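Before any comments, here is the structure.
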Amino acid sequence: MDKNSKKNEKLDQLKDHTTDNSNEKLTTNQGLKINNNQDSLKSGERGGTLLEDFILREKITHFDHERIPERIVHARGSGAHGVFKLSKSMEKYTQAKFLSGIGKETPVFVRFSTVAGSRGSTDLARDVRGFAIKFYTEEGNYDLVGNNMPVFFIQDAMKFPDLVHAVKPEPDNEIPQAASAHDTFWDFISLMPESMHMIMWLMSDRAIPRSLRMMEGFGVHSFRFINSEGTAFFVKFHLKPKLGVHSVAWPEAQKISGNDPDFHRRDLWEAIENGAFPEWDLGVQLIPEENENDFDFDLLDPTKIVPEELVPVEIIGTLTLNRNPDNFFAETEQIAFHPGHLVPGIDFTNDPLLQGRLFSYTDTQLSRLGSPNFHEIPINRSIQTVHNNQRDGHMRQQIVKGKVSYEPNSIGGGCPYQAMMKDGGFASYGERVSGAKIRARSESFVDHYSQAKLFYNSQSEPEKRHLQKALIFELTKVTIPEIRERMIGQLNFINKDLAKKVADKLGVKVKILDQPNGSIPADHDGLSLQSEEREPKQKKSEALSMENTVKDLIKSRVIAFLLADGCNADSIKEIQKKLESGGAVVQVVAPEMVPVKADDGTSYTPKHSISSTSSVCFDAVYVASGEKSSEIWMMPDYKNGVVDFLNEAYRHCKAIYFGENTEIIFNSTDIYQKKHEDPAVILAEDKKGDENFIKAIASHRVWDLELERNGIKT
Ligand code: HDD
């Protein structure tokens, strides 16, 4: 727990519901001490088990009912406790108390997730990541249920079940798990031009983060802030990771999925256990109501961003995760978020996607958690005592005194009574609305390509390359040629070069679609509004490229130290000290899981053996100095392992540092062939080797040299 943090009311509340089994005797659920947990009660040593055995029955019955339905989306997730500390009062814009008063601290629980996969699926799937925050405020729970991408696939909640059915495993054979690379997803997407902006994000490396701690978060929709005078502002929420936004490459993601499917979960857990608390700046883009129509897109359209060049992000506080849950199921699994959990001073807009969400989240908890009393589960409880006349239901826990469960009443003195607004009573924003009841899309929503273009234009060359490759990978898995062709037609509306590059690799001709909705007739009900190709007003936005992110920290980066008997202890100690003082984590990889004896007798306990890990699980590699140790690495049992390890790190643009007398290893790798300048391959003769290694790790990867490192450009 962060020592600088003040009292955390949520953690105090959870203590009352937390059990510690140390030094305790085993009991039944009724508290009866058990004296034999090995054998059931039988009619004689070799006789049948007796129905009377209430201890066996209780144990097995509870076990039989341990599972609950997983979340219909976002089933795979990891969570942590933390605190939000306000650095800038938002009092001018909102009455929300947790956003007013500098230095104010609010306990939070955050859950990150992938969307498509099941609870047990791999962390490194190409997918959107959920980023849901529950603020336990003095005015009740406020939930910000966002993603790591600032836009969404669809504009109206009416299409959500279709989208999810399309991306989930196909219903006949339940294939594929946690992947969008299949027919039904691309069939749907190719017919939904409104998803094109989101598809650019999903095909970018944002969809395969290096760490949950290194991704941005967005509230996606425009929400409203309302101040004490009743003046409203549109607000967009942003979370910017202090460690910067970094990703892995797709071939790595695939390999990590086999090597460590819990890669993100483990990384989050270990960082918090090691005291490297993940942090994000919370920022807001504020737009006065009267400026609503200043943009060439609709603020209510969730497929659009507000470029930061038009409305800068104001940083208002820091979110820090500083404590792992005690129990995954009780906390991370049972937490229930809802975009409709509001506090006074924050309200919705008419974004039709948000409006639909307001129904879905309570509804889904009823089947997932099984009762309308899910708010009483400890992790979901508000730190404010709940007072109302809702009663009973499955698993009710609160004991509410008295005869009265209705309002108005005189028997209970009128209590609990309504709160005036000045006493914190919530009142919805009095937005003026008029219009005929209509089931249609607003024309102001019909521009599906300009921001997709803006995103693509804003990417660096390596980012564009990765995006093209992602599309090629995904569309290669599509088995129906018409879907591929239609998708290429869509890409052609975004960028001709992109469409051509993908088409060439798929052996498809770029077909010009008569109409963006593909094969669906233009006058088909509900699809009559067709987006035309439209250029974005602004050509590029810096914030959209990961190239412009934080690149001067090595905190919590994991460095593989390749050590074998006889390696030089002095140089290891020196670089290890420098790395650890910057917050990096050193992990020893040895030929076997046998302690390594360095030249001065120091013993290093390996965390991995070369055959049990892979360089995709590390940020950088250090090959320790030593002639004898290098010879060991070159023995037939280890040579392939170590050479693959280094070649792969090289291909994935990582920092690699070769110590003295490691030439026989270096000469066996592809790195030996390199003819270009490469700041992230550091050799022993470099006098500033340690410093250059640290600099290269901080800059994450040399993506600019990817073609050279892969022998494509020499
Ligand atoms: Fe959703 C879960 C984020 C649109 C219906 N959603 C869920 C979670 C996140 C999001 C992060 C996981 C929360 C957790 O960790 O427990 N969802 C979003 C974002 C959206 C979005 C950023 C668009 C901007 N969602 C959306 C729509 C609907 C839903 C349009 C339905 C109309 N979402 C759900 C759900 C889930 C859910 C079915 C599944 C589990 C849960 O709610 O608690 O109700």
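The values are calculated or read from the model by the stated rules, or taken from the named source; none is laboratory data. The structure presented is a predicted model; accordingly, all values stated were derived computationally and were not measured. Reconstructed Cβ throughout: ideal geometry from the backbone, glycine too, with neighbour counts over all protein chains shown.
Data overview
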| read-out | value |
| --- | --- |
| Qualifying residue in region 275-284 (condition: assigned by TED's automatic domain parsing to the domain that holds Q355, without any contact (Cβ under 8 Å) to a residue 40 or more places away in the chain and either aromatic (F, W, Y) or under 21 Å from A96 (Cβ atoms) (or both)) | no |
| Set N147, N141, N173: member being within 15 Å of A75 (Cα to Cα) and not hydrophobic (A, V, I, L, M, F, W, C) | N147 |
| Residue satisfying condition, being β-branched (V, I, T) and in contact with a strand residue (DSSP E or B) (Cβ under 6 Å, 6 or more places away or on another chain), within set V594, V589 | V589 |
| Selection within region 55-89 - among the hydroxyl-bearing types (S, T, Y) and away from the ligand (no atom under 16 Å from the Cβ) | T61, S87, S89 |
| Candidates L51, L26, L32, L41 - the one that is without any contact (Cβ under 8 Å) to a residue 40 or more places away in the chain and exposed (fewer than 10 other Cβ atoms within 10 Å of the Cβ) | L51 |
| Test for D637: is it among the charged types (D, E, K, R), crowded, with 18+ Cβ neighbours inside 10 Å, assigned to a helix (DSSP H, G or I) and in the same structural domain as S556 (by TED's automatic domain parsing) | no |
| Any hit, region 384-406, residues being in a loop (DSSP other than H, G, I, E, B) and touching a residue at least 60 places away in the same chain (Cβ under 8 Å) | yes |
| From the options G103, G146, residue that is within 11 Å of the ligand (Cβ to nearest atom) and of a type outside the set (A, V, I, L, M, F, W, C) | G146 |
| Residues of region 332-371 that turn out to be of a type outside the set (S, T, Y), farther than 22 Å from G77 by Cα and more than 8 Å from the ligand (Cβ to nearest atom), as a count | 11 |
| Residue match in region 589-607 (condition: surrounded by fewer than 19 Cβ atoms within 10 Å (Cβ to Cβ), closer than 23 Å to M214 by Cα and either polar (S, T, N, Q) or not assigned by TED's automatic domain parsing to the domain that holds V248 (or both)) | no |
| Sole residue being surrounded by 15 or more Cβ atoms within 10 Å (Cβ to Cβ), under 28 Å from I346 (Cβ atoms) and aromatic (F, W, Y), chosen from Y429, Y456, Y449 | Y429 |
| Criterion (surrounded by fewer than 20 Cβ atoms within 10 Å (Cβ to Cβ) and within 19 Å of D143 (Cβ to Cβ)) met by exactly one of L310, L319, L353, L358 | L358 |
| Residues (closer than 25 Å to I199 by Cβ and of a type in the set (S, T, N, Q)) located in region 106-130 | S113, T114, S118, S121, T122 |
| Which numbered condition T122 fails, given (1) within 30 Å of L163 (Cα to Cα); (2) surrounded by fewer than 22 Cβ atoms within 10 Å (Cβ to Cβ); (3) of a type in the set (V, I, T); (4) away from the ligand (no atom under 16 Å from the Cβ) | (2) |
| Among (1) under 25 Å from K597 (Cα atoms); (2) of a type in the set (A, V, I, L, M); (3) in contact with a helix residue (DSSP H, G or I) (Cβ under 8 Å, 6 or more places away or on another chain) - the single one M635 does not satisfy | (3) |
| Residue within region 459-470 that is at pLDDT below 95, outside the structural domain of S180 (by TED's automatic domain parsing) and part of a helix (DSSP H, G or I) present | no |
